[in-house]
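S.K.: Pasting a structure here, questions to come.
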Amino acid sequence: MNSLRADLSIAVGGLNLETPVVIASGVWPYDPVLWSPERLEGVGALCTKAVSLQPREGNRGVRVWETPCGMLNSIGLQNSGVRGFLKEYLPIAGKSGIPFLVNLVMESEREVRENLSILRESGDAIPAVELNISCPNADCDGMAWGISPESAARAAAIARSEWKGPLWVKLTPQAPDLPAVAKAVESEGADALVCGNTWLGMAMDLKRKQPVFRRVTAGLSGPAVFPLALRTVWQVCGAVSIPVVGCGGVSRWEDAAAMILAGASAVEVGSSLFADFDLPRKISEGLADYLADAEIPTLAGLVGLGRKEKEGGRPWAQD
Amino acid sequence: MSCGGSPRDYGAAVLGHRPLGDGSGLLAVRCEEIASCAEPGQFVLVRPGTGNDPFLGRPLAVADAAGDVFKVVYRIVGRGTALLASKRQGDPVTVRGPVGRGFFSARGEKALPRKVILAGGSVGAAPLLFAARRLGMSRIEKTVMGVAGKGWEGFAEWLKEAFPGVDLYSDDGTAGKKGTVLSGLPGSLPPDTELWACGPQGMLRAVAEKYPLDGHRIMAALESRMACGMGGCMGCVIPTVSGNRRVCVDGPVFTAEEVMWNELSSC
């Protein structure tokens, strides 16, 4: 992206991104054509689809359901397992020349330990890991690892002990006290936080008079959740010092700018790519124009600018 | 124009809109990139509006393509298709495509059969119309179409015009003969003949079950709810003998013997 009117490069959690636009996990297929620079214009980094220790078939029944300004999904982390990923997909991601993060499923301590030890065999071929702590905790009560500060810290500590490279931890907005979870994960050595994942919702099928999804609940994403996600980004950025990557409902450059003003160093885009493949380029161009027009020389200068006290004003309330 | 590869998004314009009655219609869209590359069985995702609501594109099979124009057939089933039905000549529309493996590319190196029977249910007729044009009339053994009945008269008239000599059935006999697509199919598939089918899942399953030993000669274009149309979201998978496969990029055309019909959820 040489034509941008401002330099959008930024260092986030151990990765140097050319732009702050990251493709969220679960969106981009391993189609070599789609990993070409031409199809990734404006993209700073990519998160792979979820990788679990063993292959997963994913959920049965309806998997996607459109909602007002968004969608629900219940895919069930269908993937070919970490061995399948290394054999079939890592070569595709590696050839692209773009930074990527392997999104890791964590259901049990054993799973994440083994998964990371297998990933370590590939050495430098894997630039970074994004740990998904939204999965149910198979070792404990079945609640997601990311729900409580204690279990989230445990998850982060295990991943940190097994993975020395860049480690991003993707939080879940279902946590009742997200800032506390964020602090706990930060204290265990995560390099960045992704805030956050889909929002738990459901849909009812009026024709069949039963829930649409076999698992009843599903993850809500898309522009509908943006104000909710922005609020969590604001709260988490107020609680931690490590970089935060905003994620949730970003569908235009203004959303990205809002999250960065709230303190995010980058944003992830997911569902809105389903509506527009060209979104990363459009967001990057919009952000660059915004910086240039405001005469802010670097993207870092925009990070958290919206939190600054105005002259003579009072500090913003943190809650 | 280089074809192949993953689908792209295009800003296009509605060139013509022909209502077919009863909430269905034929939309002609000017988009050279899709029209020049699409093959029968492939589809496009048409975004009904310009904003975030409705959020996703509607998957619609290409019903014809020539020059820089392609056509799709819709029937109103919800808010998105109702918006499509309101499109007029000149209206801008965003389209993603062409998506998927069509009837020709799905067969790989396998040669075309001497004869093809076309079997379509309701708007499943659309990709078969395109297939018939590309196959040439001499290769079409027979065309059988089915519609629900009352409320489909206008659509049935269009089917008769689009497929001269079509064997037409409706559940209640209001259009064509009383019966279903299956009523018009032969007891066994003649040698060197394939059956190309598109329609509701129940119809496709019934067709597959009618010829249990000839699944390899039945090519079925499936429908599924989907979000991305590029193989990313895994929203549209169906169970097959080789595991869950994506309707959008691994299909939508599968041989009947690949699909595990008993495990299909009617989504």
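The values are calculated or read from the model by the stated rules, or taken from the named source; none is laboratory data. Quick caveat: nothing in here was measured; it's all calculated off a predicted structure. Cβ coordinates were reconstructed from backbone atoms using ideal geometry, including for glycine residues, and neighbour counts include every protein chain displayed.
S.K.: Go over the candidates B:Met145, B:Met226, B:Met219 one by one and state the one that is part of a loop (DSSP other than H, G, I, E, B) and under 18 Å from the mean Cα position of the chain (by Cα). Please lay out each step first, then the result.
M.R.: Details: B:Met145 fails: part of a loop (DSSP other than H, G, I, E, B); B:Met219 fails: part of a loop (DSSP other than H, G, I, E, B).
Among B:Met145, B:Met226, B:Met219, only B:Met226 is part of a loop (DSSP other than H, G, I, E, B) and under 18 Å from the mean Cα position of the chain (by Cα).
S.K.: Just one of (1) part of a loop (DSSP other than H, G, I, E, B); (2) within 14 Å of chain A (Cβ to nearest Cβ); (3) of a type in the set (S, T, N, Q); (4) surrounded by fewer than 18 Cβ atoms within 10 Å (Cβ to Cβ) trips up B:Ser188, so point out which.
M.R.: Going through (1) part of a loop (DSSP other than H, G, I, E, B); (2) within 14 Å of chain A (Cβ to nearest Cβ); (3) of a type in the set (S, T, N, Q); (4) surrounded by fewer than 18 Cβ atoms within 10 Å (Cβ to Cβ) one by one, B:Ser188 breaks only (2).
S.K.: Okay, moving on. Scan the stretch B:102-121 and give yes if some residue there is of a type in the set (Asp, Glu) and at pLDDT 95 or above, otherwise no.
M.R.: No, the stretch B:102-121 has no match at all.
S.K.: Can A:Arg56 be described as charged (D, E, K, R), crowded, with 18+ Cβ neighbours inside 10 Å and closer than 25 Å to B:Gly97 by Cα?
M.R.: The answer is no for A:Arg56.
S.K.: Only one of (1) outside any loop (DSSP other than H, G, I, E, B); (2) touching a residue at least 40 places away in the same chain (Cβ under 8 Å); (3) farther than 26 Å from A:Lys164 by Cβ fails for A:Glu38. Which number is that?
M.R.: Status for A:Glu38: all satisfied but (2).
S.K.: Looking at (1) in contact (Cβ under 8 Å) with a residue 24 or more places away in the chain; (2) small (Gly, Ala, Ser); (3) touching a Pro at 6+ places or on another chain (Cβ under 9 Å), which is the one condition that is false for B:Gly21?
M.R.: (3)
S.K.: Of the residues that make up the stretch B:204-212, is at least one of a type in the set (Ser, Thr, Tyr), modelled with pLDDT under 95 and either over 30 Å from B:Phe55 (Cα atoms) or assigned to a loop (DSSP other than H, G, I, E, B) (or both)?
M.R.: Let us first name the residues in the stretch B:204-212 that are of a type in the set (Ser, Thr, Tyr), namely B:211.
This time we only want the ones that are modelled with pLDDT under 95, so: none.
Checked against the condition, which is being of a type in the set (Ser, Thr, Tyr), modelled with pLDDT under 95 and either over 30 Å from B:Phe55 (Cα atoms) or assigned to a loop (DSSP other than H, G, I, E, B) (or both), the stretch B:204-212 yields no hits at all.
S.K.: Of the residues that sit in the stretch A:50-89 and are out of contact with any strand residue (DSSP E or B) (no Cβ under 8 Å at 6 or more places or on another chain) and in a helix (DSSP H, G or I), which one is farthest from the other protein chains (Cβ to nearest Cβ)?
M.R.: This residue is A:Leu86.
S.K.: Also: Regarding the stretch A:206-222, can at least one residue be identified that is within 22 Å of A:Gly286 (Cβ to Cβ), surrounded by 21 or more Cβ atoms within 10 Å (Cβ to Cβ) and either among the hydroxyl-bearing types (Ser, Thr, Tyr) or without any contact (Cβ under 8 Å) to a residue 40 or more places away in the chain (or both)?
M.R.: Yes, the stretch A:206-222 contains a residue that is within 22 Å of A:Gly286 (Cβ to Cβ), surrounded by 21 or more Cβ atoms within 10 Å (Cβ to Cβ) and either among the hydroxyl-bearing types (Ser, Thr, Tyr) or without any contact (Cβ under 8 Å) to a residue 40 or more places away in the chain (or both).
S.K.: How many residues are surrounded by fewer than 24 Cβ atoms within 10 Å (Cβ to Cβ) and farther than 29 Å from B:Glu157 by Cα when one looks only at the stretch B:95-113?
M.R.: The qualifying residues number 10.
Matching residues to (1) farther than 24 Å from B:Leu45 by Cβ; (2) buried (at least 19 other Cβ atoms within 10 Å of the Cβ); (3) within 14 Å of chain B (Cβ to nearest Cβ):
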position	(1), (2), (3)
A:Val245	yes, yes, no
A:Gly249	no, yes, yes
A:Met259	yes, yes, no
A:Ala264	yes, yes, no
A:Val267	yes, yes, no
A:Gly270	no, yes, yes
A:Asp289	yes, no, no
A:Ile296	yes, no, no
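S.K.: Which strands (runs of 3 or more DSSP E) does the stretch A:215-319 wholly contain that include 3 or more residues that are of a type in the set (Gly, Ala, Ser)?
M.R.: Working: elements: A:217-221, A:244-247, A:266-269.
By residue number, A:217-221.
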